[in-house]
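Taking it in order: structure first as structure tokens, then the write-up.
The values are calculated or read from the model by the stated rules, or taken from the named source; none is laboratory data. Model, not experiment: these values are computed from the prediction. All Cβ positions, glycine included, derive from the backbone under ideal geometry; neighbour counts span all protein chains shown. In case anyone asks, the SASA skips ligands and DNA or RNA and just uses the protein heavy atoms, side chains included. Shrake-Rupley method; radii C 1.70, N 1.55, O 1.52, S 1.80 Å.
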Amino acid sequence: ELLQRIAGIMQERFNNATEAISSYQAILKLEPEHRGAIALLKELYEGRRQWEQYVEISQHELRLSGGDAAQDEAYVALAKLASERIRKPQVPIQLWERVRQDNPGHPDALEALEPLYEREKSFEKLAEVLEKRVETTEEDSTRVAILEKLGLVYTSRLMDADAATRVWRKVLEVDSKH
């Protein structure tokens with residue numbers, strides 16, 4: 001309780017967010033489930049645009065809540081925020097992969113992971129995401145575009161001739177005039 005009062009004083013009277021953050025973090029070390037400290041840290045991090053810390057405390061909050069549909073939606077929202085606000089691809093990748101744990105074919109996750117894995121040059125993971133997108137895409141022209149990209153990844157990045165051949169054959173199955 002003393003730490004909570006100190007944090008409040010630092011934040012309200014002295015407008016010292018850094019000290020307030022330190023105090024709220026100390027509260028969480030003593031009492032990891034302290035919802036008030038979590039909420040105030042989220043608010044402070046958001047106000048200071050400290051997005052990585054915001055994501056971290058939000059994940060902590062989500063771990064404390066039960067696993068349900070609302071939690072899944074919260075992870076999607078958090079992953080979108082991380083994709084937009086955090087430059088390091090590892091953070092949004094981790095969040096989108098968390099979304100895929102419950103729903104491997106989640107369309108937003110697959111679409112967001114594609115450029116992230118490209119930027120990281122994680123071509124095996126990129127191929128896995130593209131394979132899943134092919135499985136979950138119904139429109140032929142979109143499937144062909146994804147298959148073309150997948151074929152190029154197997155051909156020029158992973159040097160996997162067998163997989164590339166399989167993908168290029170699939171392109172012809174979907175669009176024989178291609």
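Return the total of residues in the stretch 132-145 being open to solvent by 60 Å² or more (accessible area, probe 1.4 Å) and part of a helix (DSSP H, G or I).
The total comes to 4.
Okay, residues lined up against (1) touching a Gly at 6+ places or on another chain (Cβ under 9 Å); (2) among the small types (Gly, Ala, Ser); (3) closer than 16 Å to Leu62 by Cα; (4) not in a helix (DSSP H, G or I):
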{"site": "Leu95", "(1), (2), (3), (4)": "no, no, yes, no"}
{"site": "Val99", "(1), (2), (3), (4)": "no, no, yes, no"}
{"site": "Ala112", "(1), (2), (3), (4)": "no, yes, no, no"}
{"site": "Ala127", "(1), (2), (3), (4)": "no, yes, no, no"}
{"site": "Leu130", "(1), (2), (3), (4)": "no, no, no, no"}
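Only one of (1) aliphatic (A, V, I, L, M); (2) open to solvent by less than 50 Å² (accessible area, probe 1.4 Å); (3) more than 15 Å from the chain's Cα centre (by Cα) fails for Val76. Which number is that?
Checking Val76 against (1) aliphatic (A, V, I, L, M); (2) open to solvent by less than 50 Å² (accessible area, probe 1.4 Å); (3) more than 15 Å from the chain's Cα centre (by Cα), the one that fails is (3).
For the subset of the stretch 105-127 comprising residues that are charged (D, E, K, R) and within 21 Å of Thr142 (Cβ to Cβ), which member is surrounded by the fewest Cβ atoms within 10 Å (Cβ to Cβ)?
So the first thing to find is which residues in the stretch 105-127 are charged (D, E, K, R), and the list is 108, 111, 114, 118-121, 124-125.
Now drop any that are not within 21 Å of Thr142 (Cβ to Cβ), which leaves 108, 111, 114, 118, 125.
On the way: Asp108: 14, Glu111: 12, Glu114: 17, Glu118: 17, Lys125: 17.
Per the stated criteria, the residue is Glu111.
Name the pairs: first residue in the stretch 55-69 and in contact (Cβ under 8 Å) with a residue 40 or more places away in the chain, second residue surrounded by 12 or more Cβ atoms within 10 Å (Cβ to Cβ) and assigned to a helix (DSSP H, G or I), Cβ to Cβ under 7 Å, at least 6 apart or on different chains?
From residues that are in contact (Cβ under 8 Å) with a residue 40 or more places away in the chain, the pairs are Val55/Leu78; Val55/Ala82; Val55/Val91.
Please go through the stretch 1-31 and give me each residue that is modelled with pLDDT of 90 or more and exposed (fewer than 14 other Cβ atoms within 10 Å of the Cβ), ordered by number.
Lys29, Leu30, Glu31
What residue, among those in the stretch 146-178 that are exposed (fewer than 15 other Cβ atoms within 10 Å of the Cβ) and among the small types (Gly, Ala, Ser), is nearest to the chain's Cα centre (by Cα)?
For the stretch 146-178, the residue satisfying everything is Ser156.
Out of all the residues in the stretch 95-114, is one or more out of contact with any helix residue (DSSP H, G or I) (no Cβ under 8 Å at 6 or more places or on another chain) and more than 22 Å from Leu152 (Cα to Cα)?
Of all residues in the stretch 95-114, those out of contact with any helix residue (DSSP H, G or I) (no Cβ under 8 Å at 6 or more places or on another chain) come to 101.
Filter once more, so that each one left must be more than 22 Å from Leu152 (Cα to Cα): 101.
Scanning the stretch 95-114, I find at least one residue that is out of contact with any helix residue (DSSP H, G or I) (no Cβ under 8 Å at 6 or more places or on another chain) and more than 22 Å from Leu152 (Cα to Cα), so the answer is yes.
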